[in-house]
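The block underneath contains the structure these notes are about, expressed in structure tokens.
What follows draws every value from the coordinates through simple rules; no lab data is involved. Since the model is a prediction, treat every value here as computed from it, not as a measurement. For neighbour counting, all protein chains shown are included, and Cβ atoms are generated from backbone atoms with ideal geometry for every residue, glycine included.
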Amino acid sequence: MTTRTWNNPIIRWIDYRLPVFSFMDHHLVDYPTPKNLSYWWNFGSLAGITLVIMIATGVFLAMHYTPHVDYAFDSVERIMRDVNYGWLIRYLHMNGASMFFLVVYIHMFRALYYGSYKAPREILWIVGVLILFAMMATAFVGYVLPWGQMSFWAATVITNLFSAIPLVGESIVTWLWGGFSVDNPTLNRFFSLHYLLPFVIFGLVFVHLWALHVHRSNNPLGIDTKGPQDTIPFHPYYTIKDAFGLGAFMIFYLGFVFFAPDFFGEAINYEPANPLVTPPHIVPEWYFLPYYAILRSIDFDIWFVSAKLIGVIAMFASIAVLFFLPWLDRSPVRSARFRPIYKQFFWIFFLVCILLGVVGKHPPNDPVFGGVEWFQYIHLGKITTAYYFLHFLVIIPLIGWLERPRPLPESISTPVTRRGLAAEGTA
Amino acid sequence: MTDTANSATAAPEGEADGENETRRDFLLIATATVGAIGAGLAAWPFIDSMNPAADVRALASTDVDLSAIEEGQAITVVWRGKPVFIRRRTIGEIEAARAVDLGDLPDPQSDEERVQKPEWLVTLGICTHLGCIPLGQRSADPRGDFDGWFCPCHGSHYDTSGRIRKGPAPRNLDIPTYTFVDDETIRIG
Ligand code: HEM
Ligand code: FES
């Protein structure tokens, strides 16, 4: 680590006492970054920016929102109709949640494709999975706040998942509710948690970046950087690339905000919560659909364990299995570019995740293809759920063992300069 | 740590360095343990504060007038924020509920165990799967394959005794505690 000396006396004075400027210089300016990063590496910074947007818009929403069952729905309608630019702030927040998940899912599939979860980045990856869990909790409690029909019934169905736990399940659910059904105490604490959790995410993101900056970014080749000829400074090269990506992303995001603000939402959530009437078709937000499909596809008891409990376990396990991925994948080669068999299974897995989402969207007993009555979404759900776990628990370990990876280039610069390390002298 | 074994035969205080360390280790572990237990106990008030508060627990029981309900009709009343289904069953419905072989039921319970008077079926209107409100209270509602209730959320079918017959729900519809105050009135809770 070479510490820069600062010319400006004020900066020098501050930096001597609190080295913020050296810190920024070290992590954002001079920071050596692999020179071959593709656009798939933009999504980390996009996720960070989206988190900031969510917190900023959320704080302003909270200035007008009332967490009480009698006023919550009306206060959100007031934000939409009466508060100056309230509609804008709420639509930014609502669509921002969808963008956040979209960006993070792309970010994660990127990691799966290029093997970014492998040594020495296991902890980086595990913290990422923790961030996903925390995001899910945040989005879930946030969705309850407008107190529409879907808010209420999502809260009911999801909190009831915990009743599947043997012996203490019912007490846990009562504890979560603070009553005997989803009611005012529930809404109050969900608001408290919805304000708290994004800051927990912020803390986790900090740990995530800390771990990242120890071994630095992976890259499309999945090989380590071998020296200065393989890297470029973060600024200006990646600051400009991230800024460009941000511009493209904002066009996409604001396109929804201004032209299709309710695209991701359910119309029935503009109906106030009614504890006595369940809407005919309950669906979660799109980013939860695959997990919901896994939950529903378990409709059989195994031995003395109820279908309900297995469904809940399977749903949580579908994410928890990611914690173990660095050890399930035995292949020493990171990037799928050099893993001909893994590459194909990666795409099959990607397709299965999309299919799970489609299954989660439809009533279980609807036919998948019109006219073919016997093949229903519940069947497709069972097949894709089984495949999802098979991918992690059987296919990945087997490929790691059986596959013959293609030869790796000597360094990042070798394929480009052909002279490889020899280029170091001229660089 | 052979020192540890020796220390049982206690040498005079402060004699060997090794012994001092063992004693220190013990004190350290004991202090840390007490501290951890204390911190754990201090967490309890915060955890318990999230349980139902006294006013929520004190919600009164509900009296329901049954006189206006015709045979074959059902009403929904609210008790502790939850819907309660009260159905005045027809002879046909009662017979259907009693004709079932208990061996066919996922959660075996006879109809006699579930009612106080055969005519009146009183259950919580909450699906035992994940808490949706089953359909079947209104005459236009779908009642499922067993003519009782149908839960639209994940497709649970209940019979005319409110027992689970098909679908993911694990248990029969729960029966709240209630008493007949007189022939026309029940008190729930
Ligand atoms: C991780 C970041 C966050 C996520 C993923 C998130 C997600 C959500 C979601 C999905 C909704 C429901 C939107 C709707 O359908 O109306 C919501 C509502 C809300 N959020 Fe957040 N949120 C985040 C951060 C925050 C923060 C930091 C605050 C406050 C400081 C906040 C305050 C609110 C309020 C007041 C509402 C209710 C108003 C409304 O529904 O539009 N959010 N949030
Ligand atoms: S809540 Fe009734 S079937 Fe799931």
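Observations
- Each Lys and Arg contributes +1 and each Asp and Glu -1, all at the Cβ; summed about the Cα centre of the protein assembly as shown, the dipole is approximately 2880 debye.
- Dividing the helix sum by the residues of chain A, where each DSSP H run of 4 or more adds -39500 (n - 2.57), gives a mean residue ellipticity at 222 nm of -19500 deg cm²/dmol.
- Solitary cysteines of chain B, where the nearest other Cys Cβ is not under 4.7 Å: none
- The packing ranking, built from the mean of other Cβ atoms within 10 Å per residue, places the peptides A:401-408, A:117-124, A:331-338, A:253-260 in the order A:331-338, A:117-124, A:253-260, A:401-408, highest first.
- Converting phi to 3J(HN,Hα) with the Karplus coefficients 6.51, -1.76 and 1.60 and the offset θ = phi - 60°, the range A:298-312 yields 8, 10, 10, 6, 10, 6, 9, 8, 6, 4, 4, 5, 5, x, 5 Hz in sequence order, with x at every glycine or proline.
- Along each principal axis, taking the top coordinate minus the bottom one, the Cα set of the range A:249-302 gives 49, 30, 12 Å in descending order.
- The ratio of the alpha-carbon radius of gyration of the range B:56-188 to the globular-protein estimate 2.2 N^0.38 Å is 0.99.
- Modelled spin labels at A:HIS213 and A:MET250, positioned 7 Å past Cα toward Cβ, are 2.5 nm from each other.
- Choice from B:PHE85, B:PHE26, B:PHE150 with maximal GNM fluctuation in chain B (Cα, 10 Å cutoff): B:PHE26
- Among A:THR50, A:THR414, A:THR231, the largest mean-square fluctuation in a Gaussian network model of chain A (Cα springs under 10 Å) belongs to A:THR414.
- Charge dipole (debye, nearest 20) of the range B:56-188; +1 at Cβ of Lys and Arg, -1 at Cβ of Asp and Glu: 620
- Peptide B:124-134 is shielded by partner chain Cβ atoms: per residue, an average of 6 of them sit within 10 Å of its Cβ.
- Separation between Cα centres of the range B:83-150 and the range A:319-367, rounded to whole Å: 43
- Take the Cα of A:HIS235, step 7 Å toward its Cβ, do the same at A:ILE11, and the gap between the two points is 0.8 nm.
- Nitroxide proxy distance, nm - points 7 Å out along Cα→Cβ at A:LYS361 and B:LEU28: 6.0
- Tilt relative to chain B, helix B:17-48 - C-alpha long axis, 0 to 90 degrees, to 10: 20
- Sparse packing (at most 14 other Cβ atoms within 10 Å of the Cβ) combined with a DSSP loop state is found for the following trypsin sites (Lys or Arg not before Pro) in the range B:132-163: B:ARG138.
- Averaging over all projection directions, the Cα-based convex hull of the range A:200-299 occupies 12.1 nm² in the image plane.
- Panel values: the range A:1-142, Kirkwood radius from alpha carbon pairs, Stokes-Einstein at 4 °C and 1.567 mPa s, translational diffusion coefficient 70 µm²/s.
- Shielding by partners for peptide B:148-154, expressed as the average number of C-beta atoms from other protein chains within 10 Å of each residue's C-beta, is 4.
- Estimated Rh, the range A:341-411: Kirkwood, alpha-carbon pairs, angstrom: 14.0
- Panel values: the range A:131-290, Kirkwood radius from alpha carbon pairs, Stokes-Einstein at 25 °C and 0.890 mPa s, translational diffusion coefficient 127 µm²/s.
- Against chain A, whose longest principal axis is taken from its Cα atoms, helix A:43-62 shows a tilt of about 40°.
- For the protein assembly as shown, the Stokes-Einstein estimate of translational diffusion at 4 °C and a viscosity of 1.567 mPa s comes to 45 µm²/s, using the Kirkwood hydrodynamic radius over alpha-carbon pairs.
- Partner shielding of A:80-86 amounts to 0, given as the average count of beta-carbon atoms from other chains within 10 Å of each residue beta-carbon.
- Remark: the range A:244-351 carries a charge dipole of roughly 760 debye about the Cα centre, counting +1 on each Lys and Arg Cβ and -1 on each Asp and Glu Cβ.
- Rg and Dmax, both from the Cα atoms of the range A:241-397 and both in Å, are 19.2, 57.
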